[in-house]
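What follows is a set of notes on a single structure, which appears directly below.
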Amino acid sequence: MEILKDYLAETQGQELNAEMLTFTANIDAVAKKNPQVAKKIVKELDDQRSNLKLIASENFCSLAVQSAMGNLLTDKYAEGYPGNRFYAGCDNVDDLENMAIEEAKKLFGCEHAFVQPHSGADANLVAFWAILRKKIQAPIMEKLKQTNLLALSKEEWDYIRMQMGNQKMLGMDLFSGGHLTHGYRYNASAQMFDSYFYNVSKETGRLDYDELRKRLHEIRPLIFLIGFSAYTRNVDFAVMRQLADEVGAVLMVDMAHFAGLVAGGAMTDNANPIPFADIVTTTTHKTLRGPRGGMVLCTMEYAEYVDKACPHIMGGPLPHIMAAKAIAFEEARSPEFKTYAENIVENARNLGIALVEGGLDILTGGTDNHMVIINVESLGLTGRQAENALRECGMTLNRNTVPFDKNGPWYTSGLRLGTPAMTTLGMGKAEMVEIADIMATVLKNTRPTKTKKGDISKANYKLDENIKEASIKRVRAILDRFPLYPEIDTDFFKKYF
Ligand code: DSN
């Protein structure tokens with residue numbers, strides 16, 4: 001297979017398309033080792049091009065971010081942090097990590113940034129343990145007049161372990177939109193902490209601050225955690241700070257979903273957690289449009305505990321991802337990103353309005369951020385059926401629990417959709433209205449089938465074939481106007497794969 005050679009021969013005399021050349025060279029190098037892997041990369045690009053990406057937590061990062069990720073930096077070990085590594089030869093990684101740190105600090109206006117976590121779940125573990133070490137371990141060590149854990153007696157060490165394992169955390173219930181790393185029993189966080197939850201109000205679907213205050217005073221947790229992956233309303237972080245202070249809790253915010261909206265200035269004043277929280281975690285690939293990864297932002301009070309994630313909870317960082325984070329954070333400081341963040345919110349708002357007009361049941365009736373959640377129960381469907389029917393019609397999204405969901409976390413009664421990726425492609429109000437209409441049409445023409453026992457199935461369904469065909473055409477017509485990475489021509493690879 002001579003992919004690169006063929007491409008160069010085919011394009012002789014034409015103006016150089018650096019992006020296509022880079023992609024072709026990468027595919028060529030991979031295909032020489034394993035054509036099946038190369039084929040899957042090209043197919044994934046085709047898939048993401050021919051289906052509407054409506055997953056609220058996904059996006060398309062820039063090709064510059066992608067190039068920064070795919071290179072030899074992956075070969076370097078750099079356990080520790082800049083200037084304090086467990087390995088020699090970290091000069092370039094030190095510089096890259098410092099660049100990402102400085103960019104993050106400028107972008108979010110925070111005192112300290114730790115850019116090593118590989119994911120949001122990692123970032124949360126780093127934050128949890130930093131809080132435990134600062135608030136529980138450090139005072140005990142001070143009392144014992146010790147600085148070295150290795151010098152503790154077995155009894156002293158057991159005492160620290162017991163105290164650290166017996167702390168309370170109060171987070172948002174998974175069914176109200178919270179994240180599984182916030183104390184869900186199937187996640188390690190619920191084994192680390194004595195975990196408690198708050199819910200949204202049954203009447204409004206929103207957080208009720210009076211109820212939250214009551215719950216906080218009842219539990220009096222070490223960590224008061226605000227964050228969600230399926231909640232569509234702004235939170236007043238000034239009020240959250242005040243509530244945390246009333247009970248002496250550490251205020252931790254997981255802004256993984258809305259970090260890009262904070263960075264781009266679409267969430268300001270009390271909706272921006274940075275000035276109010278002690279410690280903030282995030283992913284870098286959702287609304288922020290960076291590489292897949294995580295990050296912790298905090299006050300100086302927690303800096304040394306966060307930086308010592310290795311050896312405590314992390315191994316080696318990913319230097320190639322930190323390089324890509326530096327690029328992405330710089331991109332996010334541009335005026336274009338500000339417009340982008342505003343457009344994400346505007347698109348979500350318009351999508352919500354159009355879905356309501358289409359007769360669908362939207363949680364809280366709309367949105368303040370980048371996502372919209374549909375309750376499909378009134379259509380007689382589960383989230384799983386709705387998710388699959390829409391995917392058949394060229395729309396990729398995920399099913400989600402709704403508050404107090406009767407169908408549980410596997411089948412669910414909801415659909416979560418978001419606008420970050422569609423906004424990256426340049427779509428606006430007209431497309432949101434069209435997409436809402438396609439979705440409503442598909443969902444209203446999908447019916448659950450019966451199981452062999454005669455019960456209504458939670459998994460299987462029948463979708464009208466004519467509707468399906470027409471919907472795919474409508475979706476493709478939108479996508480044709482907003483191509484993903486137009487610099488890259490995947491048709492060129494058809495003769496190889
Ligand atoms: N997977 C991310 C999301 O979709 O919200 C976080 O778990």
- Message: So VAL37 ticks every box in (1) more than 16 Å from the ligand (Cβ to nearest atom); (2) touching a residue at least 12 places away in the same chain (Cβ under 8 Å) but one. Which box is left unticked?
- Response: (2)
- Message: Looking at segment 238-251, can you tell me whether even one residue there is open to solvent by 40 Å² or more (accessible area, probe 1.4 Å) and acidic (Asp, Glu)?
- Response: yes
- In this structure, is GLY183 under 19 Å from THR232 (Cβ atoms) and small (Gly, Ala, Ser)? no
- Query: With respect to GLY265, is the statement that it is small (Gly, Ala, Ser), within 16 Å of the ligand (Cβ to nearest atom) and touching a helix residue (DSSP H, G or I) at 6+ places or on another chain (Cβ under 8 Å) true?
  - Reply: no
- Message: If I ask for residues that are touching a Gly at 6+ places or on another chain (Cβ under 9 Å) and either among the hydroxyl-bearing types (Ser, Thr, Tyr) or modelled with pLDDT under 95 (or both), which ones from segment 232-272 would you list?
- Response: THR232
- ASP361 vs. criteria under 30 Å from ARG185 (Cβ atoms), of a type in the set (Asp, Glu) and in contact with a Phe, Trp or Tyr (Cβ under 8 Å, 6 or more places away or on another chain): no
- Item | Members of segment 434-464 found to be under 20 Å from ARG49 (Cα atoms) and open to solvent by 40 Å² or more (accessible area, probe 1.4 Å), listed by number | GLU434
- Message: On the basis of being closer than 30 Å to LEU16 by Cβ, more than 28 Å from the chain's Cα centre (by Cα) and open to solvent by less than 70 Å² (accessible area, probe 1.4 Å), does PHE493 make the cut?
- Response: yes
- Index of the failed condition, GLY13 passing every other in (1) in contact (Cβ under 8 Å) with a residue 40 or more places away in the chain; (2) away from the ligand (no atom under 16 Å from the Cβ); (3) open to solvent by 20 Å² or more (accessible area, probe 1.4 Å): (1)
- Task: Pick out the one residue from LEU479, LEU417, LEU443, LEU484 that is assigned to a strand (DSSP E or B) and at pLDDT 95 or above.
- Result: LEU417
- Query: What residue, of SER195, SER229, is over 21 Å from ILE131 (Cα atoms) and buried (at least 20 other Cβ atoms within 10 Å of the Cβ)?
  - Reply: SER229
- Please work out which residue is nearest to SER57 (Cα to Cα), limiting yourself to segment 170-218 and to residues that are among the basic types (Lys, Arg) and in contact with a helix residue (DSSP H, G or I) (Cβ under 8 Å, 6 or more places away or on another chain). ARG206
- Single match in ALA127, ALA138, ALA104, ALA113 (criterion: away from the ligand (no atom under 16 Å from the Cβ), surrounded by 17 or more Cβ atoms within 10 Å (Cβ to Cβ) and assigned to a helix (DSSP H, G or I)): ALA104
- Note on the structure: Condition set hydroxyl-bearing (Ser, Thr, Tyr) and surrounded by 24 or more Cβ atoms within 10 Å (Cβ to Cβ), scope segment 259-289, selection farthest from LEU318 (Cα to Cα): answer is THR287
- In segment 290-318, what residues are open to solvent by 10 Å² or more (accessible area, probe 1.4 Å) and within 15 Å of the ligand (Cβ to nearest atom)? ARG292
- Message: For the structure I just gave you, tell me whether ILE41 is open to solvent by 20 Å² or more (accessible area, probe 1.4 Å), part of a loop (DSSP other than H, G, I, E, B), closer than 20 Å to ARG292 by Cα and of a type outside the set (Ser, Thr, Tyr).
- Response: no
- Task: Tally the residues that are among the acidic types (Asp, Glu) and farther than 21 Å from HIS285 by Cβ, restricting the search to segment 52-106.
- Result: 5
- Please name all residue pairs, on different chains or six or more residues apart, with Cβ atoms under 6 Å, provided the first residue is in segment 223-242 and is within 14 Å of the ligand (Cβ to nearest atom) and the second residue is open to solvent by 30 Å² or more (accessible area, probe 1.4 Å) and not in a helix (DSSP H, G or I). SER229/HIS179
- Message: Condition first: open to solvent by 50 Å² or more (accessible area, probe 1.4 Å), within 16 Å of the ligand (Cβ to nearest atom), in contact with a helix residue (DSSP H, G or I) (Cβ under 8 Å, 6 or more places away or on another chain) and at pLDDT 95 or above. Can you find one or more residues in segment 58-67 that meet it?
- Response: yes
- Task: Report yes if ILE467 is within 15 Å of LEU381 (Cβ to Cβ), open to solvent by 10 Å² or more (accessible area, probe 1.4 Å) and touching a Cys at 6+ places or on another chain (Cβ under 9 Å), otherwise no.
- Result: yes
- Message: Just to confirm my filter: which helices (runs of 4 or more DSSP H) fall fully inside segment 291-356 and include at least 2 residues that are over 20 Å from the mean Cα position of the chain (by Cα)?
- Response: 300-307, 309-312
- Taking GLY426, is it under 15 Å from ILE374 (Cβ atoms), at pLDDT 95 or above and not polar (S, T, N, Q)? no
- Item | Of residues in segment 141-191 being acidic (Asp, Glu) and more than 23 Å from LYS214 (Cα to Cα), the one surrounded by the fewest Cβ atoms within 10 Å (Cβ to Cβ) | GLU155
- Message: Please go through segment 382-415 and give me each residue that is within 13 Å of the ligand (Cβ to nearest atom), open to solvent by 20 Å² or more (accessible area, probe 1.4 Å) and in contact (Cβ under 8 Å) with a residue 40 or more places away in the chain, ordered by number.
- Response: THR396, ASN398, ASN400, PRO409
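The values are calculated or read from the model by the stated rules, or taken from the named source; none is laboratory data. Because the structure is predicted, anything quoted here is derived from the model rather than measured. Cβ: placed from backbone, ideal geometry, glycine included. Neighbour counts: every protein chain shown. Ligands, DNA and RNA are excluded from the accessible area calculation, which covers all protein heavy atoms including side chains. Shrake-Rupley method; radii C 1.70, N 1.55, O 1.52, S 1.80 Å.
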